[in-house]
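In what follows, a structure is listed as structure tokens, so that the remarks can point back to it.
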Number of protein chains: 4
Amino acid sequence: MKAVRKLKRDKGAELVEIKIPEISSDEILIKVLATSICGTDVHIYKWDAWSQSRIKNIPQTLGHEVCGEVVEIGSSVKKVKVGDLISSETHIPCKKCLNCLTGNEHICTNGSILGVDRDGVFSEYAVIPESVAWVNDKRLPPEIASIQEPLGNATYAVLGEDYNIYGKRIAIFGDGPIALFAIGVARCAGASKIFHIGVFDFNMEIGKKMGADFSLKATDDMDRVAFIKDNTDGYGVDIVVEMAGASQAVEEGLNSLRKGGRFSAFGITPEQKLQIDYNNQIVFKGIQIHGISGRKMFDTWVRVKNMLSSKKLDIRPVITHLFSLDDFEKGFEEMMKIPRTSAKIVLFPDKNLLNERLKEFKK
Amino acid sequence: MKAVRKLKRDKGAELVEIKIPEISSDEILIKVLATSICGTDVHIYKWDAWSQSRIKNIPQTLGHEVCGEVVEIGSSVKKVKVGDLISSETHIPCKKCLNCLTGNEHICTNGSILGVDRDGVFSEYAVIPESVAWVNDKRLPPEIASIQEPLGNATYAVLGEDYNIYGKRIAIFGDGPIALFAIGVARCAGASKIFHIGVFDFNMEIGKKMGADFSLKATDDMDRVAFIKDNTDGYGVDIVVEMAGASQAVEEGLNSLRKGGRFSAFGITPEQKLQIDYNNQIVFKGIQIHGISGRKMFDTWVRVKNMLSSKKLDIRPVITHLFSLDDFEKGFEEMMKIPRTSAKIVLFPDKNLLNERLKEFKK
Amino acid sequence: MKAVRKLKRDKGAELVEIKIPEISSDEILIKVLATSICGTDVHIYKWDAWSQSRIKNIPQTLGHEVCGEVVEIGSSVKKVKVGDLISSETHIPCKKCLNCLTGNEHICTNGSILGVDRDGVFSEYAVIPESVAWVNDKRLPPEIASIQEPLGNATYAVLGEDYNIYGKRIAIFGDGPIALFAIGVARCAGASKIFHIGVFDFNMEIGKKMGADFSLKATDDMDRVAFIKDNTDGYGVDIVVEMAGASQAVEEGLNSLRKGGRFSAFGITPEQKLQIDYNNQIVFKGIQIHGISGRKMFDTWVRVKNMLSSKKLDIRPVITHLFSLDDFEKGFEEMMKIPRTSAKIVLFPDKNLLNERLKEFKK
Amino acid sequence: MKAVRKLKRDKGAELVEIKIPEISSDEILIKVLATSICGTDVHIYKWDAWSQSRIKNIPQTLGHEVCGEVVEIGSSVKKVKVGDLISSETHIPCKKCLNCLTGNEHICTNGSILGVDRDGVFSEYAVIPESVAWVNDKRLPPEIASIQEPLGNATYAVLGEDYNIYGKRIAIFGDGPIALFAIGVARCAGASKIFHIGVFDFNMEIGKKMGADFSLKATDDMDRVAFIKDNTDGYGVDIVVEMAGASQAVEEGLNSLRKGGRFSAFGITPEQKLQIDYNNQIVFKGIQIHGISGRKMFDTWVRVKNMLSSKKLDIRPVITHLFSLDDFEKGFEEMMKIPRTSAKIVLFPDKNLLNERLKEFKK
């Protein structure tokens, strides 16, 4: 089968032919219908400092966002059957540690990640542990089913530990696909005002389609914190979702948060340490900072499924490109363009399916 | 000034001329712009068993839902100033009891209620304690400002103690104005499926406008519980909001709730005691029942204000009639018609303002 | 091996010799060190109406509370190894349904129960699914390790969905072992006043040892509700935990709960339906009723382990009898005596271990 | 009357004779029975950088922790009557802002603080706004009643937004009186292991009396993080309460917190900004940081009252010195000694009462 693999500890990746992998008793084999590119894949493709220290196994197949059809199941598999349309949670929990035992499998102490710690899904077939397989509604288009994983990130970052944002004001920093999804989640969950702070016009326009009430350019010479306060009766927003991974965004986010507000820390900053005004920004303001890693399993998946199935959340504006898996390099190049001209990019191993989806997509 | 008052312990009410009341140091006087009729007012008008035992002071002015302009303030008043456009929370808390001290003023141990325990607002001028005055955005139309109180009930019943209903399935029983508001709140807060169970066609149609995905007639010979389960993957809904105040609705609500679900008990049933299958409906199912009385002060008011100001929640379909205060009897008659041909009815002491609002209303 | 089994659909049980059972790939075999008798076992022993409709498989081994040593593991077992000292959660979840996927495995839609739906643990060896095996601290005495399951019930009933009871007042109705455990949990979790309402002197004395501040006899001719209100500044308690399974206790519990309080519904009542004053006891009081079935998996197990290991919770007063498994009938007879002269009874298949534990026990 | 006042913008304070102050309609006058010294008072006494920028009004009476008897009430006062034994919340809320309206008066946007923004309580008589007066149980000794305010800080920092710490492991950094109180709260609320990290032997010994299971010296050459992990099965603690106000403590606290844990940020650090490893300590670990300022009003007061009245929490080990108000300088000198030889110091305007309390104190 074809697979996009990292063959050596250097930048790039290659499309190669390998054997269809074998499954263990608690795994399933899927025929990949669609697989989408995440920023993490781009880091690994670029072979940046993080990837160099994080990636242990080379060669390894890239990718972790996926929609596939189950073609084989292991002997002990019970949740999934051949023919099911599945997606995959990518954090594979140990099921033994304190976090796994108390409802926090997404931050498992011993977890491994698809496409990071083991072969991923940029391939015609892929192996998925039963424990992370997610059975989809069969009516879900494959490119939509594939992006449920990052949509789950957005869901967790916006809602946190099941907080209610109805009638609250929120600022979302960042303009990658997850930030754009987050705008959609915030709108559907009842945020009364959504401030979107980003950099690239292309993505800011998508942000507006997803429901941003105010679009503020992070590069403009304006006082964004003052603007946000002016539009929230002087208080600042109730919730900040930081998805830019930039120290400027963390700083402005903390400054535009009201006393007692909630700050969702999702983005990874390039700096090893940030300078934070601990006394004034955290203690005296009585705020809460929540580190968001992964997504609640499987609470966010249930919500994502319900919102997509009911068509109350439409995330199609965020999907900007569909490519053949053969053209994965075009995908990566598109992802790396500055200024950005893409948001979510989905790859299809099967060109017929790609063409079919492209027809629908152009409507 | 004119006031609609209960003059004797018998059914009906009368429009009479009385003196403009005087305020204490911690009260304000408002010129009433709009005041809406609640089911409670109808109970008192009818002088039913509940009213006979509950109402202590006769004569007394009816009404508690209001929008007015502040014309005078007491010497110790600080939150409100002359000229403010205010509405009023109607549960007046003692500020001393355990509930008041711990964020539950709405169920104050010693609370009194506007229009029930003291003169209400169906009059040209009315006295409001500063502690329950709510300053409105001046751009809010008076008929909208007046219905914030029952909209707060709907908000509290749907959201409960700050629960997140995004991506959840909900069934709302009842078709009075608060149930119709609740549908709007549920839709804006991200419910992925909304089942509306009611009786009257007129109101069921408004329910659809407010966002009901399924309209089920409580009087139809169908298995509503089976229907709800069939449309929730066999589980039942995550949340039931009971606003019908009928034992059939309580029973069907408990039966259509999934294991571990939440049941908001808002409606008052005519029966003194209900027969409840405690073991199977509560204990084994692991559900939560929340009694909802009033609304969180002032958390629900803040959310209501933000949602109305942002125009993300449009409750105008629920307001079906605007009358002059002089025509209050037409309002009460309309409220009592079976089958129902009205939802929320708003009264205006000033006919010019009424005519102005009627023009807008007809658009 | 020896096993206490229900051989026919009639009252009683028999100690018989059967083959040591075989395990599947996802199960473990344990050598039972200690196993304790639950009220459910007594129901099945008596073959009451509930058992007759609930128990499907006869013959079947009784019992579900256990401590054992792992002697064999299935081929796919990862969490547990031979030699581990384990106890067992008794609710076996399907891992597929909505509740399992969202952190509520204890109320799994398709769950089965050890000793109810499949062979239990009143035997020399027993089969436990890996998914519910709980690895103990090896220093835990077997009779303590065995009662962690009902102690988990008590923990969940008192704490609910992670509520904080520090500085709160609580009333616990019932005097079975779980109610007595609940008193200990409430005391250790910081309840400032604990009211214990029960029937039997023997158990009420244990309740005092566990931390009850007030012991009220349910059979005494006194106004318990008035007593509770008098001792809570007139408000009533913040939390009621109903473990008596009696309509009188439900009624008195609802009456002694303060406005806005929380009612944990754990006990199963003999009546098919209870008469509940829905309007006054639930709606107007703004209370919450939580049905408690099983225990949070595995949050309560973690807490139980930490509290027992740290010796901050001492539940030994509740364990009143240790018997040989051969003498199981003495255990059941003791359990059925009225008035009660026992609380928790533990059976030991190995008489040497029993004698060793009896020595410790008599200290 | 006598009052300890800051007379000029320089270090120190003076005991002077001033007029008994007059009260407004919404204030009360108390005869001070006991008043305790807080670290904030020491900052103001020392006239450090923070005080210089924070204190606006000179001359001003110092002090905010108090127990007094009500001798006069304003005309609109309803909650309090002459003869009541009161203490005082020290954060005076505006009751108008978003935080006040939504249950967060302790972080009021426009709040003022007793003894910081207006005359305090180190005097024979003091003025207290009705809104912050807290009526005590008359049996509470005055030195205990006075320290309820800092005990409320400890309560809020340990419990946070009503989290349940039963069966959880906690590390408390700092050895001032509030940290010592926090140990007592954690013990009574059911923490299964309490790690206390401090500096001074005198205070560490009090920490042990309050319930610390492990006492770690912050100045010892040992790996405290490794020690904590070794004693928590390798995970780290569930909760960190940072009350040292030292960057080393923040750093070690974040490092010894488990994935998904909660960090209570209470201490004020001398550094203007802290260097925080945002990616690894917050985002990837999925932790929550809660800024703690003041105490929940009046939820913490209710809990404090219940715990002290029930004698389940004994904070007397933390009270180390009782002085006459005349000897306030001895108190301040004692507070400033390094190494520390005191924890909480209480001043009495009335020497007879002091002598009476000293007798009790020496038992």
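Quick look at the values:
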quantity: Hits in region A:307-322 (condition: within 14 Å of chain B (Cβ to nearest Cβ), out of contact with any Phe, Trp or Tyr (no Cβ under 9 Å at 6 or more places or on another chain) and part of a helix (DSSP H, G or I)); calculated: A:Leu308, A:Ser309
quantity: Single unsatisfied condition, A:Gln288 versus (1) within 14 Å of chain B (Cβ to nearest Cβ); (2) out of contact with any His (no Cβ under 8 Å at 6 or more places or on another chain); calculated: (2)
quantity: Qualifying residue in region B:176-198 (condition: more than 26 Å from C:Leu101 (Cβ to Cβ), touching a strand residue (DSSP E or B) at 6+ places or on another chain (Cβ under 9 Å) and among the charged types (D, E, K, R)); calculated: no
quantity: Residue match in region B:187-194 (condition: surrounded by fewer than 24 Cβ atoms within 10 Å (Cβ to Cβ) and touching a residue at least 40 places away in the same chain (Cβ under 8 Å)); calculated: yes
quantity: Residue check for B:Gly331: under 21 Å from B:Ser51 (Cβ atoms), at the interface with another protein chain (Cβ under 9 Å from one of its Cβ atoms), crowded, with 24+ Cβ neighbours inside 10 Å and in contact (Cβ under 8 Å) with a residue 60 or more places away in the chain; calculated: no
quantity: Single unsatisfied condition, A:Gly294 versus (1) at positive phi; (2) more than 19 Å from the chain's Cα centre (by Cα); calculated: (2)
quantity: Output for region B:334-363, where each listed residue is surrounded by fewer than 20 Cβ atoms within 10 Å (Cβ to Cβ), in contact with a Ser or Thr (Cβ under 9 Å, 6 or more places away or on another chain) and under 18 Å from B:Ile44 (Cα atoms); calculated: B:Glu334
quantity: Where a residue in region A:142-166 is surrounded by fewer than 24 Cβ atoms within 10 Å (Cβ to Cβ) and its partner, wherever it lies, is at pLDDT below 95, with Cβ under 8 Å and at least six apart; calculated: A:Asp162/B:Tyr163; A:Asp162/B:Asn164; A:Tyr163/B:Asp162; A:Tyr163/B:Asn164; A:Asn164/B:Asp162; A:Asn164/B:Tyr163; A:Asn164/B:Asn164
quantity: Selected residue [under 23 Å from D:Asp162 (Cα atoms) and at pLDDT 95 or above] from D:Glu65, D:Glu105, D:Glu124; calculated: D:Glu105
quantity: Yes/no for C:Gly190 being in contact with a Cys (Cβ under 7 Å, 6 or more places away or on another chain), over 19 Å from C:Gly267 (Cα atoms) and not assigned by TED's automatic domain parsing to the domain that holds C:Val42; calculated: yes
quantity: Region B:259-281, subset at the interface with another protein chain (Cβ under 7 Å from one of its Cβ atoms) and more than 27 Å from the chain's Cα centre (by Cα), residue surrounded by the most Cβ atoms within 10 Å (Cβ to Cβ); calculated: B:Tyr278
quantity: Odd one out for A:Asn231, checked against (1) more than 21 Å from the chain's Cα centre (by Cα); (2) facing another protein chain (nearest Cβ under 9 Å); calculated: (2)
quantity: Region A:195-229, residues that are surrounded by fewer than 19 Cβ atoms within 10 Å (Cβ to Cβ) and aromatic (Phe, Trp, Tyr); calculated: A:Phe202, A:Phe214, A:Phe227
quantity: Tabulated pairs, region D:254-271, first in contact (Cβ under 8 Å) with a residue 12 or more places away in the chain, second of a type in the set (S, T, N, Q) and not in a helix (DSSP H, G or I), C-beta under 6 angstrom, 6+ apart or interchain; calculated: D:Gly260/A:Asn104; D:Arg262/D:Gln288
quantity: Residue within region B:299-306 that is within 14 Å of chain A (Cβ to nearest Cβ), surrounded by 24 or more Cβ atoms within 10 Å (Cβ to Cβ) and among the hydroxyl-bearing types (Ser, Thr, Tyr) present; calculated: yes
quantity: Single condition B:Ile107 does not satisfy, out of (1) over 25 Å from B:Arg303 (Cβ atoms); (2) surrounded by 19 or more Cβ atoms within 10 Å (Cβ to Cβ); calculated: (1)
quantity: Enumerated helices (runs of 4 or more DSSP H) restricted to region A:199-302, each holding at least 3 residues that are at pLDDT 95 or above and either farther than 27 Å from A:Glu65 by Cβ or in contact with a Cys (Cβ under 7 Å, 6 or more places away or on another chain) (or both); calculated: A:224-230, A:247-256
quantity: Answer residue from region B:102-129, given it is of a type in the set (S, T, N, Q) and out of contact with any Leu (no Cβ under 9 Å at 6 or more places or on another chain) and is nearest to B:Gly294 (Cα to Cα) among those; calculated: B:Ser112
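Every residue, every condition in (1) within 14 Å of chain C (Cβ to nearest Cβ); (2) of a type in the set (Gly, Ala, Ser); (3) outside any loop (DSSP other than H, G, I, E, B), yes or no:
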| residue | (1), (2), (3) |
| --- | --- |
| D:Thr109 | no, no, no |
| D:Ile113 | no, no, yes |
| D:Val121 | no, no, no |
| D:Val127 | no, no, yes |
| D:Lys138 | yes, no, no |
| D:Glu143 | no, no, yes |
| D:Glu161 | yes, no, no |
| D:Ile172 | no, no, yes |
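The values are calculated or read from the model by the stated rules, or taken from the named source; none is laboratory data. Only a predicted model underlies this, so the values are computations on that prediction, with no experimental measurement involved. In this analysis, Cβ positions are derived from the backbone assuming ideal geometry, glycine residues included, and neighbour counts consider all displayed protein chains.
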